[in-house]
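Report on the structure given below.
What follows draws every value from the coordinates through simple rules; no lab data is involved. Quantities reported herein were computed from a predicted structural model and do not represent experimental measurements. Backbone-built Cβ (ideal geometry, glycine too); neighbour counts: all protein chains shown.
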């Protein structure tokens, strides 16, 4: 492969944030790698999912959410996969993207987002503020195997992963466990987040470990407010789908044009809602300062009684019931009689009158007529009625900043397999598709299939982009590092003829002998850069020749001879 393809294929091994930004097809390749993994297929046999056989995909999806909430932690330790430098990364990708374009769209290279992110100091929130020099973290995406292996890492009691890893996991699990067709799932990547839009019922968004239905999106709670943050305040960098992808920077798109147009419409519908009294109450829930201008009314044995909105919201906070929905009357029964008064509270708008007004006017605050009508209705009570109406309009309608529709849509082979296919059938299909689909081919590299892939991308990644193992080796001598490896468990986190990278071995303190040999090779190159290294894997035996000979035992049954010169040149023979 040529040098540009080689960068793409070695990127499929490490899957850093920067690599996916430059090569967007990698995002779906990771999804396919997770779909090929045996781990998620095993979930189908768990009692919690077997009990849902015959139930709707939506019901299974809601159960999947709870499973992921219980089993996976959101990992925000940016240094899990070590450190690199801006200069090094920009130099590596200068043929593909400019430094200016990267800074506009990548959080590690200066991106801050819009005014909202400045106001909440988002870089500090994510721990990015300390990377104000050339040194930055490798923000890597994990396979499902690496996510599950966090259980072996100190400080973790469950599996874990960052947002992109969780997004890929959700796509694979929604397909495998919930049997949602892959063509109904769209991945949405922004500079600071990754989530999915699942086209079931009114639409469902994944948000790290959680799921957000359209009703939840507009419920005005703190959790929903956080879920909205990315689509409200960031430009979408990549939309990835089984038919291809579209990127904010690139003129060419491989996603099907009609599919992308359909997605834009469906996401737009999800992000908009009609104004009802319930939606208005949701708006007041997250804009507390406006509650003091409203009051609720109830009928008590033929007599009207009134309560300040903020008092009613206070009761709601500790209740299972909600204002203005089907549980509203039950909420009222929890309110102390002393908090109701038999007269209208002055300087407040009655919510029942507001509801009548909304229904009569068929109010749409997204257009100028609707805004003007509502302003006239509230301006005698609500100061700065213009701001109020604008904020309400913004609440009921979000305009996602998606990649432009006017792209050069290339003809590409979509990934197509049904929910009825078995894991083995899907792997066989992807094997047959590799010649015609770069995404499918890259999936086997992300999957770490060493029997069916060129080893050079894996080796290059192992000896150039694994800083954690070098850091952990610290001041140890080469022999001491070898002794450290010998004391580790001899179990790979990957099954069969699949291999972990050195930093996965270092982080999880376990690895097959061949994987340990690559870790030692990485450390030797860092400590003794002028040393040529040779690794000979002969089924069960692995020999590393460096400053001296080191031997390991392997269960991978792989045969290969790898040479890494002091100049970084890689040579591989069978």
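Tell me whether the stretch 175-267 comes out rounded, prolate or oblate; compute the Cα gyration tensor, take square roots of the eigenvalues as a ≥ b ≥ c, and use a/c under 1.5 as the rounded threshold.
Since a/c reaches 1.5 but b/c is at least a/b, the shape of the stretch 175-267 is classed as oblate.
Under a point spin-label approximation (7 Å from Cα along Cα-to-Cβ), what is the residue 103-residue 559 distance to one decimal in nm?
For the pair residue 103/residue 559, the computed spacing is 5.4 nm.
Tell me, what is the FRET efficiency for residue 289 and residue 338 to the nearest 0.05, using R0 = 30 angstrom and their Cβ-Cβ distance as r?
The value I calculate is 0.75.
Find the centroid of the Cα atoms in the stretch 1-38 and in the stretch 79-110, then give the distance between the two in whole Å.
16
Can you give me the angle between helix 3-14 and the longest principal axis of the chain, using Cα atoms only, in degrees from 0 to 90, rounded to the nearest 10?
On a 0 to 90 degree scale, this one is about 70.
Using the alpha-carbon atoms, what tilt in degrees (0 to 90, nearest 10) does helix 57-71 show relative to the longest principal axis of the chain?
60
Using 0.36 nm per residue, how much length does the chain from residue 59 to residue 367 gain when fully extended, once their Cα-Cα distance is taken away?
Residue separation times 0.36 nm, minus the Cα-Cα distance, leaves 107.3 nm.
Need one word for the stretch 118-275: rounded, prolate or oblate. Basis is the Cα gyration tensor (sqrt eigenvalues a ≥ b ≥ c); a/c below 1.5 gives rounded, then a/b vs b/c decides.
Judged from the Cα gyration tensor, the stretch 118-275 comes out rounded (a/c under 1.5).
To the nearest 0.05, what FRET efficiency results for residue 96 and residue 475 with a Förster distance of 60 Å applied to their C-beta separation?
Rounded to the nearest 0.05, the efficiency is 0.95.
Relative contact order (percent) for the chain, with alpha-carbon contacts under 8 angstrom and 6 or more residues of separation?
The value is 15 percent.
Which shape class applies to the stretch 448-573: rounded if a/c is under 1.5, otherwise prolate when a/b exceeds b/c and oblate if not, where a ≥ b ≥ c are the square roots of the Cα gyration tensor eigenvalues?
It comes out rounded by the Cα gyration axes.
Separation between the residue 436 and residue 251 pseudo-spin-labels, each 7 Å from Cα along Cα→Cβ, expressed in nm?
2.8
Could you give the angle, 0 to 90 degrees to the nearest 10, between helix 385-396's Cα long axis and the longest principal axis of the Cα atoms of the chain?
Computed tilt is about 50 degrees.
Treat the chain as a sphere of radius equal to its Kirkwood radius over Cα pairs and apply Stokes-Einstein at 25 °C in a medium of 0.890 mPa s; give the translational diffusion coefficient in µm²/s, rounded to a whole number.
93
Nearest 0.05, what FRET efficiency do residue 572 and residue 397 give at R0 = 60 Å with Cβ-Cβ as r?
FRET efficiency, residue 572 to residue 397: 0.60.
Taking the Cα-to-Cβ direction at residue 2 and at residue 135 and moving 7 Å from each Cα, how far apart do the two end points lie in nm?
In this crude spin-label approximation the distance works out to 3.8 nm.
Can you give the helix-only mean residue ellipticity at 222 nm for the chain, where every DSSP H stretch with n ≥ 4 adds -39500 (n - 2.57) and the sum goes over all residues, rounded to the nearest 500 deg cm²/dmol?
Computed ellipticity for the chain at 222 nm equals -12500 deg cm²/dmol.
Quick check: residue separation of residue 319 and residue 50 times 0.36 nm, minus the Cα distance between them. What number comes out in nm?
Fully extending the segment from residue 319 to residue 50 adds 93.5 nm.
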